[in-house]
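Throughout, read-outs are computed from the coordinates displayed, never taken from laboratory work. The model shown is predicted, which means the values in this text are computed figures rather than measured ones. Every residue, glycine as well, gets a Cβ built from its backbone with ideal geometry; the counts of neighbours run over all protein chains shown.
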Amino acid sequence: MMKLKKAKAFIEKYNSFIILPHVKPDGDALGSALAIRYALESLGKRAVIWNEDILLHSLQPFFQGTFNPYKPSGNFDAVISIDTADIHRLGQRYAELDFLPLLNIDHHATNSGYGDVNLIYGGLSSTGEVIALLLEELGIVFTKEIADALYIALITDTNRFFYNSTTPATLRLGARLLEAGADFEKIHRYIFGEKPLSLLRLLGIATEKIEFISPNIVYCRLTNDDMEKAGFYETDDVINMLRDIEGVDVAALVYDYDTSRKLSLRSKGRQNVDELAQFFGGGGHLKAAGATLSDDDLPTLKTKLKELEDVGEDQFI
Ligand SMILES: [Mn+2]
């Protein structure tokens with residue numbers, strides 16, 4: 001593949017790299033960033049991950065101490081963006097680096113190709129899967145550390161191989177990562193099996209606030225007060241819980257974040273929530289997407305959600 005060769009040439013050309021996962025990084029962004037960091041180091045290159053955001057609770061056991069929370073000092077030759085469909089999701093960090101050559105590695109079909117070199121596979125389950133292809137191209141063997149990082153990328157973005165972005169190739173890669181020593185037990189336990197009690201309290205509060213827009217469309221609005229009452233401020237499990245309700249095709253969660261409102265969308269039906277997120281200036285994937293809203297957008301959101309009720313078997317999504 002031409003784009004793999006171009007990405008390989010980019011990596012061979014430079015000696016030092018700043019790696020940028022997107023803001024509010026998830027397991028795919030951090031796992032992919034860490035895997036490419038280890039790969040670059042094994043080639044004798046200097047590589048630093050720059051992330052300024054607080055880690056998700058479930059990811060702390062794996063990524064604390066693997067990145068630089070401030071701008072790395074010294075000069076670097078190039079930048080690699082990870083799992084970032086829209087250059088704005090690199091945040092302020094990129095404003096200080098935009099004079100450097102950029103390699104854009106991603107799996108979002110909506111990625112605009114803003115890099116000098118773009119390694120984008122819109123159909124793959126995770127950026128971790130893209131990184132695995134690149135490491136093969138570079139002739140890098142999966143060490144245990146790389147396997148752990150990529151396995152986390154894979155299982156978080158597929159929700160334990162649950163989403164239909166999971167393909168036979170995804171499962172084959174999962175098998176190879178376990179063969180290379182990925183710590184299945186620790187990763188599954190800390191990412192999926194150690195929920196803080198405060199999170200369960202937040203799920204309880206959210207359950208009380210569920211609104212059915214129609215029998216298969218569910219909506220929930222969580223305020224700062226709700227999160228304070230629970231003592232938990234992450235919403236990934238809330239939106240997933242809403243999606244998992246029996247009979248629900250589309251779930252929407254609106255929550256306070258700093259001074260703005262964030263929208264999370266999930267679909268387990270034929271509805272394309274990426275399109276809805278894009279209507280509000282956001283984006284993501286067909287089945288999982290998000291956007292930033294103003295309070296004025298909330299009535300429009302409910303109208304738009306209602307329109308998703310009747311997306312049927314033979315309709316184009
Ligand atoms: Mn991803």
**Fill in**
Once normalised by the length of the chain, the mean sequence separation of its alpha carbon contacts under 8 Å that are 6 or more apart gives a contact order in percent of 13
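Determine the gain in length on full extension of the stretch Leu298-Thr66; use 0.36 nm per residue of separation and subtract their C-alpha separation, reporting nm with one decimal.
79.7 nm
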**Item:** Share antiparallel - DSSP beta bridges, the chain, percent rounded to 5
**Value:** 45
**Item:** Extension gain, Leu100 back to Glu179 (0.36 nm per residue minus Cα-Cα distance, nm)
**Value:** 24.7 nm
**Request:** Multiply the residue separation of Ser198 and Tyr257 by 0.36 nm, subtract the distance between their alpha-carbon atoms, and state the gained length in nm to one decimal.
**Result:** 19.4 nm
**Message:** Once each part is reduced to its C-alpha centroid, what is the distance from the stretch 233-302 to the stretch 181-224 in angstrom?
**Reply:** 14
**Request:** May I ask which residue of Phe162, Ile87, Ala7 lies farthest towards the positive end of the charge dipole of the chain, with charges of +1 (Lys, Arg) and -1 (Asp, Glu) on Cβ and the Cα centre as origin?
**Result:** Ala7
**Prompt:** Going 7 Å from the Cα of Asp86 in the Cα-to-Cβ direction, what parts of the stretch 94-135 have a backbone nitrogen less than 15 Å from that spot?
**Reply:** 108-114
**Asked** When you count, for each residue, the other Cβ atoms within 10 Å and take the mean per peptide, how do 84-94, 268-278, 206-216 rank with the highest first?
**Response** 268-278, 84-94, 206-216
**Asked** For the stretch 1-143, with only Lys/Arg (+1) and Asp/Glu (-1) charged at the beta-carbon, what is the dipole magnitude about the Cα centre, in debye rounded to 20?
**Response** 280
**Item:** Glu12 versus Thr207: modelled label distance in nm, points set 7 Å from Cα along the beta carbon direction
**Value:** 5.7
**Message:** Students often get this wrong, so check it: of Lys24/Lys262; Lys3/Lys287; Lys6/Lys287; Lys268/Lys304; Lys24/Lys268, which have C-alpha atoms separated by over 19 Å?
**Reply:** Lys3/Lys287; Lys6/Lys287; Lys24/Lys268
**Asked** Spin-label point model (7 Å from Cα, Cβ direction): what's the Thr167 to Glu246 distance in nm?
**Response** 3.5
**Item:** Neighbourhood charge, 15 Å Cβ-Cβ cut-off, centred on His285 and excluding it, Lys, Arg +1 and Asp, Glu -1
**Value:** -4
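Of the DSSP beta bridges with both residues in the stretch 201-317, give the percent that are antiparallel, rounding to the nearest 5.
Of all bridge pairs located within the stretch 201-317, approximately 75 percent are antiparallel.
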